[in-house]
1. Can you name every residue in region A:108-121 that is within 9 Å of chain B (Cβ to nearest Cβ) and either among the aromatic types (Phe, Trp, Tyr) or surrounded by fewer than 19 Cβ atoms within 10 Å (Cβ to Cβ) (or both)?
2. Residues of region B:99-118 being more than 24 Å from B:Lys142 (Cβ to Cβ) and touching a Pro at 6+ places or on another chain (Cβ under 8 Å), which ones?
3. B:Thr166 - would you say it is β-branched (Val, Ile, Thr) and either away from chain A (no Cβ under 14 Å) or surrounded by fewer than 16 Cβ atoms within 10 Å (Cβ to Cβ) (or both)?
4. Hey, B:Leu150 hits all of (1) surrounded by fewer than 19 Cβ atoms within 10 Å (Cβ to Cβ); (2) more than 9 Å from every other protein chain (Cβ to nearest Cβ); (3) among the aliphatic types (A, V, I, L, M) but one; which does it fall short on?
5. Going through region A:122-147 one residue at a time, which ones are touching a Ser or Thr at 6+ places or on another chain (Cβ under 6 Å) and either more than 7 Å from every other protein chain (Cβ to nearest Cβ) or over 27 Å from B:Pro28 (Cα atoms) (or both)?
6. Can you tell me which residue in region A:153-163 is surrounded by the fewest Cβ atoms within 10 Å (Cβ to Cβ), limited to those that are more than 7 Å from every other protein chain (Cβ to nearest Cβ) and either out of contact with any strand residue (DSSP E or B) (no Cβ under 7 Å at 6 or more places or on another chain) or within 22 Å of B:Val162 (Cα to Cα) (or both)?
7. Quick one: B:Gln119 ticks every box in (1) more than 22 Å from A:Phe31 (Cα to Cα); (2) polar (S, T, N, Q); (3) in a strand (DSSP E or B) except a single one, so which number is it?
8. Quick test for you: out of B:Asn93, B:Asn167, B:Asn135, B:Asn161, pick the one residue that is within 20 Å of A:Ser126 (Cα to Cα) and at pLDDT below 95.
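The values are calculated or read from the model by the stated rules, or taken from the named source; none is laboratory data. Everything numeric here is computed off the predicted structure, so don't read it as measured data. Cβ atoms come from the backbone with ideal geometry, glycine included; neighbour counts cover every protein chain shown.
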Number of protein chains: 2
Amino acid sequence: MQGFTVFIICCSLLFVTHGQHPRPCAAPPLFEGRLVTIDPSKHFEFIAAFSYDAFEERERLVGEVITGPNQTIIVGTILLYKQHALYNIFYHNKTCSKSPLSAPFRRVEVPHDAHFNGQFVIGSSSAPGEGLLANSWSGEVKEQGARYHLTTTEIGCLPINVLYHTNETGWIVTSYYDIIDGIKDPNVFVPPEFCK
Amino acid sequence: MQGFTVFIICCSLLFVTHGQHPRPCAAPPLFEGRLVTIDPSKHFEFIAAFSYDAFEERERLVGEVITGPNQTIIVGTILLYKQHALYNIFYHNKTCSKSPLSAPFRRVEVPHDAHFNGQFVIGSSSAPGEGLLANSWSGEVKEQGARYHLTTTEIGCLPINVLYHTNETGWIVTSYYDIIDGIKDPNVFVPPEFCK
C-alpha cells in the first residue's frame, strides 16, 4: 500500500512538473505599449508607441527613428494586413505614403516549435511587486534563415524582449514595456485625413 | 473657503507628486541571485551566481567565464573588503590564488547624484503578475571617467540592469535576475580548505 502511495505521489509530481513546463503561447489579441528597436549594425534606433489588434489584423506604430546624432524623425506607420496596405505618415509636414503590404499578419506569440530555455525572475521573488516571472525561448524561422531569442512574461504571455538574427541584418533587439490590455482608442488604426 | 480647499488639494497633489518621484535608494543589505556580464569589446561573457553581504562587506561570485567558442572556465571569486583580500578559486583543479583587494566596498545602490530618467513597466500593469515597475537612472562617476545607466525595481530597489562605460572598456552590461532576500548559506564567503 505504501509503495502504491509513493507511486501515486511520484505520478502526481510528474504530472505537476509536466503541467508546469511552459508551453508556447500567444499574447492577448488587443494590447498597446511601447517598444525600443535597436539595430547596432545600422546604428538605427526606433522608440515607439504601438497598438496591436489581432482580431482586425492591424498594427500601428508612432515613434522617433534615430539614425544618427541629431537625426531624428517622427514617423507613424499603420499596417492593415486585411487590406494589404501600409501607411507611412510624416506628421511634421502632414504627408503620407501608402504602399502594398504583402507580408502576412503574424500574431505576437511564442511559435509552436520554439525551444523553452528556462524560467527566471527579473528582480526578486522574495516580496510582492519586486519581481516578474519570465520565460526564455529560442528557435529558428527556417524560411527566413533567421534565429531568435524571445523573453515573455509567464503570466499573460506578453513580450519582454525579442532578439532576431539573420545573416543580412545581424542581431536586432526589440524591448517591449508599458503594456496595457486593450486599445484605448480604435481610431489610431484609421489613416489621417491627409492620407487620402 | 472653496479657494482654500482648492489650495489645500493642489498642495496635497504637489506633495503626492513630490513624494512619488523616486529617490536614489539602496538595495537590501543581504541578497543572492544570478547575473550575466557582457563585455562586447572583449567578447567576454560571465554568467554567475552571486551572494552579497553589505553588513560584513563581502561578495561571492561563482560562474562560467566564456572568453570564446569552447573556452569556458568555472571560477569562484570571494571578495572580503574588510580583510582587503580577494580569492580566485579554480574548482576544476582545486587551486586558489589570494590577492590584495584595495578597492573600497560599494553598496548596491542608486548613487545619491544619479539622474532619474523615468519609470516604466516591464510587461504589463493590466493584471497582477504580468508586470514589474522599474526606474531608470543615469549618471557619471567622475573620478573613474565613467558613465552609467541603471535600472532598478521600484519596490525593493533591486538591480535589473547596469550599463557601465569608460573610454578604456566601452559599454559593459550586467543583468541581474533570480534575486532572493538573505543569504542561504553564509559559509559561501569562507574560502575553501585548499586556499590555505
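1. Across region A:108-121, the qualifying residue is only A:Phe120.
2. none
3. Yes: the conditions hold for B:Thr166.
4. (1)
5. A:Ala134, A:Asn135, A:Ser136, A:Gly145, A:Ala146
6. A:Leu163
7. (1)
8. B:Asn161
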